[in-house]
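This report concerns only the one structure given below.
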Amino acid sequence: MRQEETISAIATAVGGSVGIVRLSGEGALRAADKVFVAFGGKKIADMKSHTVAYGRIIDQEGKTVDEALAVVMRAPHSYTGEDVAELQCHGGAVSLRKTLALTFAAGARPAEGGEFTKRAFLNGRIDLTEAQAVMDVVEAKTEKALFSAAAHLTGGFSALLEEIRLNILDIIAHLEATIDFPEDDIENTDRGNIDEKVVEIINEIDRLLRTAKRGKILREGIKTAIIGKPNVGKSSLLNAFLREERAIVTDIPGTTRDSIEEYIDLDGIPLKLIDTAGIRNTGDVVENAGITRAREHIERAALILAVFDASLPPTEEDEYIISLIKDRSAVIVLNKRDLGRDLAWRELKNRLPHAPTADISLKEGGNITIVEDLIKFHLMKGVVSDGENIAVNERQAHLLEQAREHLEAARETIRNNIGEDFIVIDLRAAWVNIGEITGDVMDEDIIDEIFSKFCIGK
């Protein structure tokens, strides 16, 4: 990527009340001047940083395309650290795309996915953890996910990592001083003291690693398949979660022939609920297609809500469903309590000890909170959340685990009384791993891969 080039992209969703075309680079203000005319005659290139002008977007023939505001942010006090101009237009798709095309004709080139944020990173405005948090903020599905992303965006995670790196570097400095100046009496370099400091760093890394599961849940949500045979209450369960009549509920078996998908916010946990077709043997071609799709959703789901009509004895279809969830993350919903209970269902807890069970009547209403509480407990069991909403992602967790392995190797070297230079090798490797998380140590291919996942305009 050539940073000297000026880039341009639509930075907002097309079709809203306001649409923004953003330009960044050395020629951003000059390019904006070619497509924007202020009503007061002021040139964008002459405007002070963080000021606004009111005017119109014009084409090459001077015809008005739209009325707009031009916002100027001069380097280094902009999102990208470069000169930035934003043309805030009406949100119509045609006018926005025409304005964007005019910026290209004025000398800008189309921005690549995530290129604005990538420039912010390369120009030192943000580090890699903060850059990744930008997309997490955009994609947050719940308030908890948003706060977790914001904690990374504002540098909370970076500060913890920087402290870890400084502590490792402090140990390295003491050890290297011992190696370089063996005749001097260097304080705090005895191996017992070094081992204690390494253990403290490992404990801090472990604390961060324990947030990884929570981070994955908050960022990606939990794909949850609602399964069962026909007429056990699957659609009623979905409607109860949504607090609205989203799925059709009748006494006729096989009503749900395709999957219905909805997101809910379960106390900060994004659940992608999928109401699947009832599983049974049927000669109906359309219904069979829905059942095949239901089995596919079961395979891909991270959580299964298995619904049974516990007022009747278990059927062959129920037994098949039980076999599907035997080794899966699941919550069991024994429905239709208002009709009584068949005693055969008492054995289910012994057969599926890993799966919590809710004994409810969806018809009576008011029972959905029991299921919700079971799901929250089941999903968040063993999940750690620190007071700063820090939650590491998969890549960060992998690098933290690598750093931990190097620190443990350093401890092994200390215990075996091997030379200080070998201790330093593992400590420096851990220091590099932490630097890869923040981007202080850069791998260009990995950087490109990370930003390629961003949408254009971010």
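The values are calculated or read from the model by the stated rules, or taken from the named source; none is laboratory data. Since we're looking at a predicted model, the values are computed, not measured. With ideal geometry, Cβ positions are generated from the backbone for all residues, glycine too; neighbour counts draw on all protein chains shown. Accessible surface areas use protein heavy atoms only, side chains included; no ligands, DNA or RNA. Shrake-Rupley method; radii C 1.70, N 1.55, O 1.52, S 1.80 Å.
Given the condition among the hydrophobic types (A, V, I, L, M, F, W, C) and within 24 Å of the chain's Cα centre (by Cα), answer yes or no: does some residue in region 355-366 qualify? There is no residue in region 355-366 that is among the hydrophobic types (A, V, I, L, M, F, W, C) and within 24 Å of the chain's Cα centre (by Cα). Taking region 49-151 and the strands (runs of 3 or more DSSP E) fully enclosed by it, no element has 2 or more residues that are at positive phi.
Condition test on Glu405, is it over 30 Å from Leu146 (Cβ atoms), at pLDDT 95 or above, in a helix (DSSP H, G or I) and open to solvent by 50 Å² or more (accessible area, probe 1.4 Å)? I'd like the intermediate steps shown before the answer.
Numbers: over 30 Å from Leu146 (Cβ atoms): yes; at pLDDT 95 or above: yes; in a helix (DSSP H, G or I): yes; open to solvent by 50 Å² or more (accessible area, probe 1.4 Å): yes.
Yes.
Taking first residues from region 263-275 that are acidic (Asp, Glu) and partners that are in a strand (DSSP E or B), the Cβ contacts under 6 Å between residues at least 6 apart in sequence or on separate chains come to Asp275/Ile226; Asp275/Ile260.
Could you figure out which of (1) open to solvent by 60 Å² or more (accessible area, probe 1.4 Å); (2) within 17 Å of Pro110 (Cβ to Cβ); (3) not hydroxyl-bearing (Ser, Thr, Tyr) isn't true of Gly27? All conditions are met except number (1). Exactly one of (1) buried (at least 17 other Cβ atoms within 10 Å of the Cβ); (2) touching a Ser or Thr at 6+ places or on another chain (Cβ under 6 Å); (3) over 25 Å from Ile269 (Cα atoms) is unmet by Phe422. Its number? Checking Phe422 against (1) buried (at least 17 other Cβ atoms within 10 Å of the Cβ); (2) touching a Ser or Thr at 6+ places or on another chain (Cβ under 6 Å); (3) over 25 Å from Ile269 (Cα atoms), the one that fails is (1). Only one of the listed residues (Glu139, Glu130) is under 30 Å from Asn203 (Cβ atoms) and within 13 Å of the chain's Cα centre (by Cα). That residue is Glu130. Annotation note: of Arg125, Arg97, Arg119, Arg109, the sole residue that is open to solvent by less than 10 Å² (accessible area, probe 1.4 Å) and not hydrophobic (A, V, I, L, M, F, W, C) is Arg119.
Checking the structure you have, find out if any residue of region 6-20 is over 30 Å from Glu449 (Cβ atoms), crowded, with 24+ Cβ neighbours inside 10 Å and touching a strand residue (DSSP E or B) at 6+ places or on another chain (Cβ under 8 Å). Taking every residue of region 6-20 in turn, none turns out to be over 30 Å from Glu449 (Cβ atoms), crowded, with 24+ Cβ neighbours inside 10 Å and touching a strand residue (DSSP E or B) at 6+ places or on another chain (Cβ under 8 Å). For residues that are in a helix (DSSP H, G or I) and in contact with a Ser or Thr (Cβ under 6 Å, 6 or more places away or on another chain), scanning just region 173-198, find the one that is modelled with the highest pLDDT. For region 173-198, the residue satisfying everything is His174. Residues in region 312-338 that are at pLDDT 90 or above, β-branched (Val, Ile, Thr) and either more than 23 Å from His378 (Cβ to Cβ) or open to solvent by 10 Å² or more (accessible area, probe 1.4 Å) (or both): 0 in all.
Among the residues of region 352-377, those identified as assigned to a helix (DSSP H, G or I) and either β-branched (Val, Ile, Thr) or over 17 Å from Leu305 (Cβ atoms) (or both) are Ile368, Thr369, Ile370, Val371, Ile375. With respect to the stated conditions, Leu399 fails to be hydrophobic (A, V, I, L, M, F, W, C), open to solvent by less than 20 Å² (accessible area, probe 1.4 Å), within 21 Å of the chain's Cα centre (by Cα) and farther than 22 Å from Ile171 by Cβ.
In region 212-229, of all residues being open to solvent by 10 Å² or more (accessible area, probe 1.4 Å) and at pLDDT 85 or above, the one that is farthest from Glu317 (Cα to Cα) corresponds to Ile222.
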